[in-house]
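Report on the structure given below.
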Amino acid sequence: MKWNNIDRWHILKTVLLGQMLSLFICGTAVTSQYLAEQYQVNTPMFQSFINYSLLLLVYTTMLAFRTGGDSLRQILKQRWWKYIFLGLADVEANYTIVKAYQYTTLTSVQLLDCFGIPVLMALSWFILRARYRLIHFIAVAVCLLGVGTMVGADILAGRQDSEGSDVVIGDVLVLLGASLYAISNVSEEYIVKNLSRVEFLGMVGLFGTIISGLQLAILEHKDIMEIQWNWKIALLFIVFALCMFGLYSSMPVVIKVTSATSVNLGILTADLYSLFFGLFLFYYKFSGLYILSFVIIMVGFVLYCSTPTQTAEPTTVPQPCNAGLDNAALKLDENDSETPAVAVHYTRGESVVVSTD
């Protein structure tokens, strides 16, 4: 690999887009933590419901005004059951990760959440037919090393002390959530590259609103009733909703330019951005290892983006010999029907006269 052959503008654009997504995630994390610590508001499903409702309002409405094969009616008629599973995976991925914080430590969540990257690569291999090179695996290893450095900095800073009630349950929830995120991201990449971004967001908004609304009514209706509303809490909910809506609206664009795996590597820096805000809002202790982990993650991300992945060609099934002969005979018949008839007449003087009818 030569540096001169690398599309530097593509790498720079990918890095910038990935960090934009990280900032959106940072916004959702900071507002959620501020709601929990300052106002004792823990309503992850309600916050997700607001986001899905915004997606429904904007993108499902856009689909409703479409006509033809990509209209809302046709999409529901052809693929409704697939989007039910996609909506369920997306809703439960958001819920299980947030729920895991009640049972396990921040360190465990940060480490085990990376389990989604190898799951995502495996799903991309089999479903999207992505083919990786050695440099891609090295880049992923470098990024995970950066996450390990970040966790080490958390341990030194004492941020891992909030031990949950049942670590095993929390760790299982993190692994489940990471796997569901991988399923959602691979589905998203397939849809935005083969169908459309609006279809993905509209269907996730529709079924996500229904599923999260039902789950909200069952699990969190009491928590919502206990919220002591004021303008600060309302503002935090609004900021969270705007950041989450921006994340969902932007991610399909970035995935279409790059890939789901590349996006997930890029957003590993979101925890670091959250930390930098936490230095001022929650008085976290700073460690130079945080800067080192950021640099390591970005090096791994650039390495991954420096070499595009390949897509395996679908295996072609050879045609039977008889079919080939039949096609050849059909071609000959067509040629015979198009070629003028040629008649050859011999005269007594052995001269040849050729006439065309």
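The values are calculated or read from the model by the stated rules, or taken from the named source; none is laboratory data. None of these values were measured; they are calculated from a predicted model. All Cβ positions, even for glycine, are placed from backbone atoms using ideal geometry, and neighbour counts span all protein chains on display. Surface accessibility is based on the protein's heavy atoms, side chains included, excluding ligands, DNA and RNA. Shrake-Rupley method; radii C 1.70, N 1.55, O 1.52, S 1.80 Å.
As for the range 107-115, it holds at least one residue that is farther than 30 Å from residue 224 by Cβ, under 20 Å from the mean Cα position of the chain (by Cα), open to solvent by less than 40 Å² (accessible area, probe 1.4 Å) and not charged (D, E, K, R). Here residue 100 meets the list (1) open to solvent by less than 20 Å² (accessible area, probe 1.4 Å); (2) closer than 23 Å to residue 197 by Cα; (3) not hydroxyl-bearing (Ser, Thr, Tyr) almost entirely, failing just condition (2).
So, residue 42, is that one in contact (Cβ under 8 Å) with a residue 12 or more places away in the chain, open to solvent by 60 Å² or more (accessible area, probe 1.4 Å) and not hydroxyl-bearing (Ser, Thr, Tyr) or not? Considered against the rule, which asks whether it is in contact (Cβ under 8 Å) with a residue 12 or more places away in the chain, open to solvent by 60 Å² or more (accessible area, probe 1.4 Å) and not hydroxyl-bearing (Ser, Thr, Tyr), residue 42 comes out as yes. Screening residue 51 on (1) over 22 Å from residue 179 (Cβ atoms); (2) touching a residue at least 40 places away in the same chain (Cβ under 8 Å); (3) part of a helix (DSSP H, G or I) shows it passes everything except condition (1).
The numbered conditions (1) crowded, with 20+ Cβ neighbours inside 10 Å; (2) closer than 29 Å to residue 239 by Cβ are all true for residue 75 except (2). Given (1) modelled with pLDDT of 90 or more; (2) closer than 25 Å to residue 215 by Cβ, identify the lone condition not met by residue 101. Of the numbered conditions (1) modelled with pLDDT of 90 or more; (2) closer than 25 Å to residue 215 by Cβ, the odd one out for residue 101 is (1). The residue list 138, 127, 169 contains one member that is aliphatic (A, V, I, L, M) and at pLDDT below 90, which is 169. Among residues that are in contact with a helix residue (DSSP H, G or I) (Cβ under 8 Å, 6 or more places away or on another chain), of a type in the set (D, E, K, R) and open to solvent by 40 Å² or more (accessible area, probe 1.4 Å), residue 232 is included. Residues of the range 166-180 that are under 17 Å from the mean Cα position of the chain (by Cα) and open to solvent by 70 Å² or more (accessible area, probe 1.4 Å): 176 alone.
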